[in-house]
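So the structure is just underneath, and the comments pick up after that.
The values are calculated or read from the model by the stated rules, or taken from the named source; none is laboratory data. Since the structure is predicted, the reported quantities are computational estimates derived from the model, not experimental observations. Neighbour counts run over all protein chains shown; Cβ positions are idealised from the backbone, glycine included. Heavy atoms of the whole protein, side chains included, go into the accessibility calculation; ligands, DNA and RNA do not. Shrake-Rupley method; radii C 1.70, N 1.55, O 1.52, S 1.80 Å.
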Amino acid sequence: ELCAREVRHTLASALRIGDQALTAGDIAVLTRTNAQAFEVQHALNGHGIPSVVLGDQSVFLSTEARELGQLLSAVAEPTQVRAVKAALTTELVGVSANGLDALERDDREWDVWTARFRAWNQLWMQRGFVQMVQRVLAELGSFEHLLALTDGERRLTNVLHLIELVHAAARGLHLGPAGILSWLSVQRLDNSQRVENVQVRLESDERAVKITTVHKSKGL
């Protein structure tokens, strides 16, 4: 909290670097551990100061990778009740725990949802991954769900990046639904087989305070 207040005070002090006003993107915070880095980020968020934790975290280790996997699993196997329930409670779909409880007691509404997943499954089989996932996210209003969250911009960027990577793998390896789910599972679990260029990306990171550990700060 003291660090966040110092950053806020510095940004409000009208300091300049040459002819340019000091911005959040000109500031870096070094910490001893990753845990401290995320604590600083949380404190900065509380003051409305944009920040990004730099490191080697793969987009496949993000919450969005897990949730995209759950959504794709339900689309690939729409008759699997457990898979559909798991997909419904992701941020990509946005059904709350109370909403899921009500859904389980409403056979008609449950049938509506399973019909949607079956239709998406058919689209995947007939038109391919990209056509399917674009339709799914549009019909669900997933982008709106994500952007309504505090860190929505980053979450949305992660989802778009993941779709790009999955599409490249599906096209290059000629993967169908089962193959894509297997490939995505490997990327999330096996460091040795992850594709290159999976660093979490966001253009607005350039305008944010950089937070990183001393160990990873070489060349900052």
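With respect to GLU67, determine if the residue is closer than 26 Å to ARG171 by Cβ, among the charged types (D, E, K, R), touching a residue at least 24 places away in the same chain (Cβ under 8 Å) and surrounded by 15 or more Cβ atoms within 10 Å (Cβ to Cβ). The answer is yes for GLU67.
Taking every residue in region 89-110 that is free of Cβ contacts under 8 Å to residues at least 24 places away in the same chain and open to solvent by 50 Å² or more (accessible area, probe 1.4 Å) and pairing it with any residue that is among the aliphatic types (A, V, I, L, M) and not in a loop (DSSP other than H, G, I, E, B), at least 6 positions away or on another chain, the pairs with Cβ-Cβ distances below 9 Å are THR89/ALA97; THR89/LEU100; GLU109/ALA102; GLU109/LEU103.
All but one of (1) closer than 23 Å to PRO50 by Cβ; (2) without any contact (Cβ under 8 Å) to a residue 24 or more places away in the chain; (3) not polar (S, T, N, Q) hold for ARG135; state the number of the condition that does not hold. For ARG135, the failing item is (1). Out of PHE143, PHE129, one residue alone is aromatic (Phe, Trp, Tyr) and in contact (Cβ under 8 Å) with a residue 40 or more places away in the chain. It is PHE129.
Annotation note: Cβ proximity below 6 Å between a residue of region 22-51 that is at negative phi and part of a strand (DSSP E or B) and a residue that is of a type in the set (Ser, Thr, Tyr) and open to solvent by less than 60 Å² (accessible area, probe 1.4 Å) (sequence gap 6+ or interchain) occurs for LEU30/SER217; THR31/THR213.
Scanning region 67-106 for residues that are assigned to a loop (DSSP other than H, G, I, E, B) and over 19 Å from the mean Cα position of the chain (by Cα) gives GLU77, PRO78, THR79, GLN80, ARG105, ASP106.
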